[in-house]
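Let me begin by presenting the structure, written as structure tokens, before commenting on it.
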């Protein structure tokens with residue numbers, strides 16, 4: 001049986017920290033992590049280069065503590081460290097699934113992982129390694145969504161994927177509004193104008209200005225990542241310059 005041909009050769013996957021919770025209220029679900037690692041390895045088996053950005057909300061949110069009186073910059077630095085923990089967990093899970101991984105941090109933590117250098121990251125991808133980008137952009141006040149858009153641009157990704165627990169972008173929250181309908185395709189400007197909850201506005205503007213297509217999909221659905229990289233446009237919602 002011949003292997004399917006990918007239409008996207010280099011992708012960047014964005015996982016929120018909350019995506020790793022599973023049924024727990026805190027921490028990392030080994031079951032969820034193993035499932036995501038298996039999906040990554042499956043698309044790599046057909047020649048797709050994979051980079052990952054992961055948040056830290058399952059462990060710590062700097063913005064939340066700042067609301068309680070903590071210095072925002074300190075809180076954000078703590079949040080960056082939480083993303084490093086998640087990145088190392090991804091590294092372990094993907095390596096156990098049979099692929100080589102490099103964690104690259106935007107803040108220096110060299111005894112734990114590499115520091116982020118763009119050319120080195122691209123070289124890792126070209127050599128068939130998964131690259132997990134940790135610590136966001138390395139700057140306070142910027143989300144890991146913005147970091148994902150930035151890294152996707154820097155590594156020249158064909159597609160950025162926002163992994164969620166719903167099957168795309170809706171006109172309203174489908175958990176609260178039963179009349180909400182899913183978009184098959186929506187433009188960057190529509191996302192911004194209608195304040196659709198896809199990614200934060202800075203992340204969307206970066207994607208728009210640098211023409212990085214974004215697809216929002218349900219990471220819990222087995223096989224959907226493979227369908228996307230092999231050209232199935234019925235999965236999730238595509239955000240791009242539709243009206244250009």
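Taken together, the values in this text are just the output of simple stated rules run on the coordinates, not laboratory data. Fair warning: this is a prediction, and the values are worked out from it, not measured in the lab. Positions of Cβ are backbone-derived with ideal geometry, glycine not excepted, and every protein chain shown enters the neighbour counts.
Would you mind putting 12-23, 221-232 in packing order, based on average other-beta-carbon counts within 10 Å, highest first?
12-23, 221-232
What percentages, rounded to whole numbers, describe P(r) for the chain computed over all alpha carbon pairs with 5 Å bin width beginning at zero?
Reading the bins upward from 0: 1, 7, 14, 18, 21, 18, 12, 6, 2, 0, 0, 0.
Taking a ≥ b ≥ c as the square roots of the eigenvalues of the Cα gyration tensor of region 156-244, is the shape rounded (a/c under 1.5), prolate (a/b larger than b/c) or oblate?
Note, shape of region 156-244 comes out oblate.
Just to be sure I understand: of the beta bridges DSSP finds with both ends in region 10-240, what percent are antiparallel, rounded to 5?
10
Which order do peptides 80-88, 190-198, 50-58 fall in by mean Cβ count within 10 Å, highest first?
Most protected by this proxy first, the peptides run 50-58, 80-88, 190-198.
Which value results for Rg/Rh of region 95-217 when Rg is the Cα radius of gyration and Rh the Kirkwood radius based on the inverse mean 1/r?
Rg/Rh for region 95-217 comes to 1.02.
May I ask you to order 144-153, 119-128 by the average number of other C-beta atoms within 10 Å around their residues, highest value first?
In decreasing order of mean packing, 144-153, 119-128 become 144-153, 119-128.
At a threshold of 8 angstrom on Cα-Cα distance, excluding pairs fewer than six apart, so keeping six or more, what relative contact order does the chain reach in percent?
For the chain, the relative contact order is 22 percent.
May I ask for the distance between the Cα centers of region 181-233 and region 9-55, given as a whole number of Å?
With region 181-233 and region 9-55 each reduced to a Cα centre, they are spaced 17 Å.
Rounded if a/c is under 1.5, else prolate if a/b is larger than b/c, else oblate: which is region 115-164, with a ≥ b ≥ c the root eigenvalues of its Cα gyration tensor?
Oblate, since a/c reaches 1.5 and b/c is not below a/b.
Could you line up 207, 41 from fewest to most neighbouring Cβ atoms inside 10 Å?
41, 207
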